[in-house]
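Taking it in order: structure first as structure tokens, then the write-up.
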């Protein structure tokens, strides 16, 4: 019979996998994502993205809004590139840039708690009214180069649906707080609300409008190949 610690470890792993499934229902997919950015309660920008995700932390983001037409972002593990229609070479995104703008949204949207993190502590009750009835998990990044080295994650106790996540940098500073809103059927995350830890008046709403099982050929995850492609039909 497994020891209690082993049972608890397996249960936590199951919770994290279920929480990931609400956010990323398909491991290989195309997601239509609309992003609204508010500053001081005023809408400052709204953009549309088509996100193609593969296994092994590979994602391609195609920018669909008129003012960003032709731009692409490629994410391979912890390496990111921005591909501009006016440039002949992919532009590497620095670790600091990954904490800002579209790169930040892409990074948080595609992270998997069950694969990228391990739970170091579980708190079965919380005194915070907003998270009443939720489990609080303290997660530590498995990789030392992850943007967010630790996460406080609240999950609903009855179904492991994500409620809130505090994302911390290696320095211990709070970088982002994420809140998750379910669709009517409570089957997936419909909207993620991000509050910037350094600019609390800046709020980003990420609306997941459509998911479908689509797999791209491996060549589309090669920055040297991708820079030569238009992808306007993607």
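The values are calculated or read from the model by the stated rules, or taken from the named source; none is laboratory data. Remember, predicted model here, so these are calculated numbers, not experimental data. Cβ coordinates were reconstructed from backbone atoms using ideal geometry, including for glycine residues, and neighbour counts include every protein chain displayed.
Before moving on, here are some points about what is shown:
- The residues listed here are 81, 113; of these, the one that is crowded, with 21+ Cβ neighbours inside 10 Å and closer than 30 Å to residue 32 by Cβ is 113.
- Count of residues meeting criterion [over 25 Å from residue 188 (Cβ atoms) and in contact with a strand residue (DSSP E or B) (Cβ under 6 Å, 6 or more places away or on another chain)] in the stretch 26-42: 1
- Flag not set for residue 166, criterion: in contact with a strand residue (DSSP E or B) (Cβ under 9 Å, 6 or more places away or on another chain), assigned to a loop (DSSP other than H, G, I, E, B) and buried (at least 17 other Cβ atoms within 10 Å of the Cβ).
- The residues of the stretch 211-234 that are in a helix (DSSP H, G or I) and loosely packed, with under 15 Cβ neighbours inside 10 Å, listed by number, are 218, 219, 224, 225.
- Of the helices (runs of 4 or more DSSP H) lying entirely inside the stretch 1-120, those containing at least 3 residues that are farther than 20 Å from residue 210 by Cβ and modelled with pLDDT under 90 span 4-23, 101-110.
- Taking the criterion of being surrounded by 13 or more Cβ atoms within 10 Å (Cβ to Cβ) and farther than 23 Å from residue 198 by Cα, the residues of the stretch 68-78 that qualify are 68, 70, 71, 72, 73, 74, 75, 76.
- The residues listed here are 27, 65, 53, 44; of these, the one that is touching a helix residue (DSSP H, G or I) at 6+ places or on another chain (Cβ under 7 Å), closer than 23 Å to residue 192 by Cα and without any contact (Cβ under 8 Å) to a residue 60 or more places away in the chain is 53.
- Filter result (within 27 Å of residue 195 (Cβ to Cβ), out of contact with any helix residue (DSSP H, G or I) (no Cβ under 8 Å at 6 or more places or on another chain) and free of Cβ contacts under 8 Å to residues at least 24 places away in the same chain) within the stretch 83-108: 94, 96, 100, 101
- Cross-chain or 6+ apart pairs with Cβ under 9 Å, the stretch 118-136 first and on the phi > 0 side of the Ramachandran plot, then at pLDDT below 60 and loosely packed, with under 15 Cβ neighbours inside 10 Å: 133/125
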